[in-house]
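Student: First the structure, then my questions, so here it is.
The values are calculated or read from the model by the stated rules, or taken from the named source; none is laboratory data. Everything numeric here is computed off the predicted structure, so don't read it as measured data. We place every Cβ from the backbone using ideal geometry, glycine too, and count neighbours over all the protein chains shown. Accessible surface areas use protein heavy atoms only, side chains included; no ligands, DNA or RNA. Shrake-Rupley method; radii C 1.70, N 1.55, O 1.52, S 1.80 Å.
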Amino acid sequence: ADNSVKTITADYFQPIKNGTLEIGLKITDSKTNNDVLWQQLINSTWQTDFGKTNHFIYKEDVYASYINLLKNYKKLTVQAGLRFEATRSDGMSVTTNMKTVNKYCDFFPSVSFQYKPVKEQQISINYRKSIRRFGFDIINPFIVTQGPYSYHQGNPYIKPSYFNSINVSWGYKNKLVIGAGFSAVKNPTSYGYRKYGNTDASLGSWLNFSAGRLYNSNISYTAKLFKGKWTSINS
């Protein structure tokens, strides 16, 4: 496997009254070239096993820009941002002579509030939209034998997952933190199976589902021991 990632970034930071302003650009070029060669020794001669040999090339370009504004008030800190991403990916299975091209773009807003009603306490409310892309290894359409009745095939048409997340937390003296959150997910991914042709074997692949929901809650407590020489974090 020959993998390369090239990145160019440009960021601008400007202090403003009671806050900061940030603007930036980022371009990422990723390419992976996976050439798996299987051979069998037949009559003292190494011969290529075309049932297992697999050559797959994947290229992904991501163009992103963002703006972020932070403002501080007496007891309140507000941060708001907006990010734009445009993605183009090209997958080429040299083995099966199959090429897939995907293009998608979207805006990703975020906003957070941190409020201190008293010195020892802090309340935080955060919202953000984010994207979770798939790994390069799960889009190769080549069928891989895992066992006599089990096969795996990548999904070149899989889509990234989008998360709209809200999190709320309460902190006390930077020691005790209690929080909860919710995420609405578009195009969540999960591994699924189907029957492989007219055989008794199963074919597994990564699939998109229409929607999903995630709920979470947490509590953590940090304690300093022996005059600050030891720290205990319990969650």
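Student: For region 6-26, how many residues meet the condition of being out of contact with any strand residue (DSSP E or B) (no Cβ under 7 Å at 6 or more places or on another chain), loosely packed, with under 10 Cβ neighbours inside 10 Å and in a strand (DSSP E or B)?
Tutor: 1
Student: What number of residues in region 83-101 are in contact with a Ser or Thr (Cβ under 7 Å, 6 or more places away or on another chain) and within 11 Å of Ile57 (Cβ to Cβ)?
Tutor: Counting residues in region 83-101 that are in contact with a Ser or Thr (Cβ under 7 Å, 6 or more places away or on another chain) and within 11 Å of Ile57 (Cβ to Cβ) gives 2.
Student: May I pose another question? Considering only residues that are in a strand (DSSP E or B) and touching a Ser or Thr at 6+ places or on another chain (Cβ under 9 Å), look in region 36-45 and name the one that is farthest from Phe56 (Cα to Cα).
Tutor: Per the stated criteria, the residue is Gln40.
Student: Cβ-Cβ under 6 Å, sequence separation 6+ or interchain: first residue in region 189-209 and open to solvent by 100 Å² or more (accessible area, probe 1.4 Å), partner of a type in the set (S, T, N, Q) and outside any loop (DSSP other than H, G, I, E, B). Which pairs?
Tutor: Tyr193/Ser202
Student: Still on this structure, please answer the following. In region 142-167, what count of residues is obtained for those that are part of a strand (DSSP E or B) and open to solvent by 70 Å² or more (accessible area, probe 1.4 Å)?
Tutor: 3
Student: Got a sec? Which of Phe56, Phe113, Phe107 is under 30 Å from Gln40 (Cβ atoms), outside any loop (DSSP other than H, G, I, E, B) and among the hydrophobic types (A, V, I, L, M, F, W, C)?
Tutor: From the options Phe56, Phe113, Phe107, the qualifying one is Phe56.
Student: With Thr53, Thr20, Thr9, Thr32 as the choices, which residue is free of Cβ contacts under 8 Å to residues at least 24 places away in the same chain and either within 24 Å of Val94 (Cβ to Cβ) or not small (Gly, Ala, Ser) (or both)?
Tutor: Within the list Thr53, Thr20, Thr9, Thr32, the selection yields Thr9.
Okay, residues lined up against (1) surrounded by 14 or more Cβ atoms within 10 Å (Cβ to Cβ); (2) modelled with pLDDT under 90; (3) over 20 Å from the mean Cα position of the chain (by Cα):
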| position | (1), (2), (3) |
| --- | --- |
| Asp61 | yes, no, no |
| Tyr66 | yes, no, no |
| Lys75 | no, no, yes |
| Gln79 | yes, no, yes |
| Arg83 | yes, no, no |
| Arg88 | yes, no, no |
| Ser93 | yes, yes, yes |
| Cys105 | no, no, no |
| Ser110 | yes, no, no |
